[in-house]
Amino acid sequence: MATITPTITNYPQYGDFCKRVRWLLGNADVGVPVDLGGFSDRSVHVSGTFGGATIVFKGSNNDSVSGVVLTDPQGNAITKTSESIEAVTELTQTVWPESSGGTGTAVIVDLFMHKVYGP
């Protein structure tokens with residue numbers, strides 16, 4: 001198990017209104033939480049080699065340690081075992097992915113965010 005620091009990409013052509021956060025997860029890895037609460041529109045794209053792993057997308061408003069699994073607009077937990085893109089319903093202070101199970105896991109978790117308006 002490793003703690004994975006994400007890379008954050010800004011898109012200057014959109015001003016400060018769009019960002020992408022990318023975590024590269026292996027077996028039983030936990031992504032470092034990011035605090036980007038100003039971005040209310042969010043989608044998460046999970047792709048790569050799952051090797052039997054399950055990826056969950058979590059959020060928290062208080063401690064960034066335990067968190068809860070976030071949901072899509074239909075109320076389903078964002079828990080994935082294959083490639084998928086989901087809108088994220090909850091706007092939490094911090095978000096991060098976690099992987100469990102699997103062997104040879106090499107999963108990319110991309111969170112794309114859009115800020116509706118400035119601060």
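The values are calculated or read from the model by the stated rules, or taken from the named source; none is laboratory data. The structure presented is a predicted model; accordingly, all values stated were derived computationally and were not measured. Because the Cβ atoms are built from the backbone with ideal geometry, glycine has one as well, and the counts that use them run over all protein chains shown.
Summed over region 84-111, residues that are among the β-branched types (Val, Ile, Thr) and farther than 16 Å from Val68 by Cβ total 6. For region 63-83, a tally of residues being closer than 12 Å to Pro33 by Cα and in contact (Cβ under 8 Å) with a residue 12 or more places away in the chain returns 2. Within region 95-107, the residues that satisfy the criterion of being in contact with a strand residue (DSSP E or B) (Cβ under 8 Å, 6 or more places away or on another chain) and over 15 Å from Ile78 (Cβ atoms) are Gly101, Gly102, Gly104, Thr105, Ala106. The set of residues in region 75-119 that are closer than 22 Å to Thr7 by Cβ, among the hydroxyl-bearing types (Ser, Thr, Tyr) and touching a Phe, Trp or Tyr at 6+ places or on another chain (Cβ under 8 Å) contains only Thr105.
Within region 93-119, restricting attention to residues that are touching a residue at least 60 places away in the same chain (Cβ under 8 Å) and over 22 Å from Asp29 (Cβ atoms), the residue that is surrounded by the fewest Cβ atoms within 10 Å (Cβ to Cβ) is Pro119. Taken over region 93-115, residues that are part of a loop (DSSP other than H, G, I, E, B) and either on the phi > 0 side of the Ramachandran plot or at pLDDT 95 or above (or both) amount to 3. Just one of the listed residues (Ile78, Ile85, Ile55) is under 19 Å from Tyr11 (Cβ atoms) and out of contact with any helix residue (DSSP H, G or I) (no Cβ under 8 Å at 6 or more places or on another chain), namely Ile85. Cβ separations smaller than 6 Å between residues 6+ apart or across chains give the following pairs from region 7-22 residues that are within 23 Å of Val107 (Cβ to Cβ) to residues that are of a type in the set (Ser, Thr, Tyr) and surrounded by 12 or more Cβ atoms within 10 Å (Cβ to Cβ): Cys18/Tyr11; Arg20/Thr9.
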